[in-house]
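Undergrad: Dropping the structure in here first, questions after.
Read-outs: derived from the displayed coordinates by stated rules, not from any lab. What you see is a predicted model; the values in this text were computed from it and never measured. Please note: Cβ atoms are built from the backbone with ideal geometry, for glycine as well, and neighbour counts cover all protein chains shown.
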Amino acid sequence: MDYRYITYAVSDAVARIALNDPATLNASNETMSTELLDALGRAQREARAIVLTGEGRSFCSGANLESAAQSLTNPDRDIGALLERILNPVIIAIKSMDLPVVTAVRGAAAGFGCGLALSGDVIVCGESGYFFLAFRHVGLLPDGGSSYLLARAIGRVRAMDVMLRGKRISGAQALDWGLITELVPDEAVEDTAMAIARELASGPRALGYIKHQAWAALDDTLETVLTGERLYQRLAGRSADFTEGVTAFLEKRKPQFSGK
């Protein structure tokens, strides 16, 4: 697929995927989301970690409302259809893939862009970065998984206040609330995200299992989580990386993991 609204490159086993429509602050549209979904699948085949970011001064300003405005005269319009068709699959793909995903945020992560940024396994935010649940200002409700991700990261009460009142969460506040992993100067966002992604890309096959277990732990019972740990441990223990890890430990050297 040729990309118009994103850029894609692989270096050091890290796929860098960037939303690329700076004129709209990387507002999402159907073509961009289709391209993003394709790029995520491509990265799963070609890389061992992903950095997801935005070109220019914003991560993603949310859905492009100009296209939504065309449907205002239709009383039977279904704004949620796009979510089901293409936006929700993007969030699910990020969650369900084996690769760790690092999101790198500068400027606005608003609307759907908020959910997209928060879906990362590691979230690096610049000092200009902010998360904006703007939906109530246009008569809609949070999407992109924002309600789920916010409530589990900062608690129901804080999440409810942010969503009902359409508040912005600054990078500093996000760090204080445990919503992001690191807060760095804007000029260091890309380098920090890539350094973390390279570290993850050199890790063992077990990183994918860790990711799946962490997501499952948000909703499952302790008993179910214990069962999951047992099953994933069997898979990890049969991997070439486990053999390499133990061998390297015994030989007192740094392991060279292959991701297999």
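Undergrad: I need the trypsin sites (Lys or Arg not before Pro) found in segment 54-134, filtered to DSSP loop residues with at most 13 other beta carbons within 10 Å of theirs.
TA: 77
Undergrad: Nearest 5 is fine: what % of DSSP beta bridges in the chain come out antiparallel, could you say?
TA: Among the beta bridges of the chain, antiparallel pairing accounts for roughly 30 percent.
Undergrad: Then there's this: Cα centroids of segment 175-199 and segment 92-164: how far apart, whole angstrom?
TA: 15 Å
Undergrad: Based on the Cβ-Cβ distance of residue 9 and residue 248, what FRET efficiency does E = 1/(1 + (r/R0)^6) give at R0 = 35 Å, to the nearest 0.05?
TA: With a Förster radius of 35 Å, E is 0.70.
Undergrad: Quote to one decimal, in nm, the extra length available between residue 73 and residue 44 on full extension: 0.36 nm per residue of separation minus the C-alpha distance between them.
TA: The residue 73-residue 44 span can extend by a further 6.3 nm.
Undergrad: Now, a different point. How much length is gained on full extension from residue 137 to residue 219, taking 0.36 nm per residue of separation minus their Cα-Cα distance?
TA: Between residue 137 and residue 219, full extension yields 26.5 nm more.
Undergrad: So how do 212, 137 line up by other beta-carbon neighbours within 10 Å, fewest first?
TA: 137, 212
Undergrad: Cβ neighbours within 10 Å, averaged per peptide: list 233-241, 250-258, 126-134 in order, most packed at the top.
TA: With the highest mean Cβ count within 10 Å placed first, the list reads 126-134, 233-241, 250-258.
Undergrad: Would you mind ranking 135, 59 so that the residue whose beta carbon has the fewest other beta carbons within 10 Å leads the list?
TA: 135, 59
Undergrad: Mind sorting 215, 177 by how few other Cβ atoms lie within 10 Å of their own Cβ, fewest first?
TA: Least crowded to most crowded, the residues run 215, 177.
Undergrad: So if we plug the beta-carbon distance of residue 2 and residue 85 into 1/(1 + (r/R0)^6) with R0 = 22 Å, what FRET efficiency do we get, rounded to 0.05?
TA: That pair, residue 2 with residue 85, gives E of 0.60.
Undergrad: Once the piece of chain linking residue 164 and residue 31 is laid out straight, how much longer is it, given 0.36 nm per residue of separation minus the C-alpha distance between them?
TA: Gain in length upon complete extension: 44.9 nm.
Undergrad: Give the lysines whose C-alpha is closer than 20 Å to that of residue 211, dropping any in the same chain fewer than 8 places away, or say none.
TA: Output for residue 211: 95, 260.
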